[in-house]
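Peer 1: Structure provided below as structure tokens; questions to follow.
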Amino acid sequence: MENSPKQSSLYQRVIYFLLGVCFPLLTFIVLAAHVWQQGNGFRWDVSILLALHLSAHPILDVIALAVTPFGVFWGVFPAVILIGVILFYRRNWRSLVYLVIVSIGSMLLNRTIKLLFHRARPQLWELIAPPDLTYAFPSGHAMSSMTFAIVLTVLMWNTRWRWVTLIATNLFVLVIGWTRLYLGVHYPSDVLAGWSLALAWTAGITLLVRPQNLAFGNPMYFLKQPETAEKN
């Protein structure tokens with residue numbers, strides 16, 4: 001016996017909630033609990049950073065220094081503004097509200113948790129990056145890039161560009177994460193925590209708001225109400 005559209009929609013929502021919200025949130029909680037109790041994080045934090053530092057090269061220094069600002073001020077911030085302008089011009093109010101809530105909420109979450117944990121940044125070698133006066137946990141660049149990647153993928157999901165967007169945004173997230181570790185300004189657990197929290201936050205808001213895509217204004221298929229899915 002085949003499942004009805006209503007049952008299929010419910011299964012999709014449950015799977016999305018478990019994989020997109022619960023698992024990342026649990027990962028963040030585990031990381032946060034350990035950092036809170038131990039203070040200095042995990043043993044593999046330092047090991048991974050030192051191993052990565054062995055690959056240090058002047059060319060990679062230039063690349064990392066040039067790319068890392070795109071994780072927030074040079075890349076994500078102007079891109080979010082541009083997307084917001086497009087959504088406003090097209091009067092896609094639901095998705096505009098979604099963009100604003102996710103972006104501002106992600107930033108506030110990051111700042112609040114940084115102040116709560118006040119984890120010092122690693123100082124394992126002489127840094128070539130400008131000093132960052134904020135705390136380390138969770139990584140703001142990692143959280144910002146992941147939030148942006150999910151938002152853009154969600155908004156492009158029902159278009160022909162969804163797989164290109166998915167691949168490109170994932171590469172962007174990984175590269176930004178690499179720059180933070182290569183430059184020695186974050187522990188790996190900072191980056192992983194930023195990714196996990198951003199994923200849980202953005203996925204949760206996506207479920208609540210059900211934004212429309214940039215091209216046609218249709219809700220994401222797996223977040224449609226059962227009645228809407230049946231009509232299509």
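The values are calculated or read from the model by the stated rules, or taken from the named source; none is laboratory data. Worth saying up front: this structure is predicted, and the values here are computed from it rather than measured. All Cβ positions, glycine included, derive from the backbone under ideal geometry; neighbour counts span all protein chains shown.
Peer 1: Which of the residues spanning the range 71-118 are farther than 20 Å from Gly140 by Cα, surrounded by 17 or more Cβ atoms within 10 Å (Cβ to Cβ) and of a type in the set (A, V, I, L, M, F, W, C)?
Peer 2: Of everything in the range 71-118, those that are farther than 20 Å from Gly140 by Cα, surrounded by 17 or more Cβ atoms within 10 Å (Cβ to Cβ) and of a type in the set (A, V, I, L, M, F, W, C) turn out to be Ile83, Leu87, Leu96.
Peer 1: Taking only the range 44-95 into account, find how many residues are farther than 18 Å from Gly194 by Cβ and outside any loop (DSSP other than H, G, I, E, B).
Peer 2: Qualifying residue count, the range 44-95: 26.
Peer 1: Turning to a different aspect of this structure: Given the criteria in contact with a helix residue (DSSP H, G or I) (Cβ under 8 Å, 6 or more places away or on another chain), under 20 Å from Asp45 (Cα atoms) and of a type in the set (A, V, I, L, M), does Ile101 qualify?
Peer 2: no
Peer 1: Please tell me if Ile113 is part of a helix (DSSP H, G or I), β-branched (Val, Ile, Thr) and closer than 22 Å to Ser47 by Cβ.
Peer 2: In short, no.
Peer 1: Using the structure shown, decide if Arg119 is over 18 Å from the mean Cα position of the chain (by Cα), over 23 Å from Phe172 (Cα atoms) and in a loop (DSSP other than H, G, I, E, B).
Peer 2: Yes: the conditions hold for Arg119.
Peer 1: Considering only the range 156-189, state which residues are within 13 Å of the chain's Cα centre (by Cα) and either polar (S, T, N, Q) or crowded, with 20+ Cβ neighbours inside 10 Å (or both).
Peer 2: Of everything in the range 156-189, those that are within 13 Å of the chain's Cα centre (by Cα) and either polar (S, T, N, Q) or crowded, with 20+ Cβ neighbours inside 10 Å (or both) turn out to be Thr169, Asn170, Phe172, Val173, Ile176, Gly177.
Peer 1: Tally the residues that are modelled with pLDDT under 90, in contact with a Ser or Thr (Cβ under 7 Å, 6 or more places away or on another chain) and on the phi < 0 side of the Ramachandran plot, restricting the search to the range 36-58.
Peer 2: Selection size over the range 36-58: 1.
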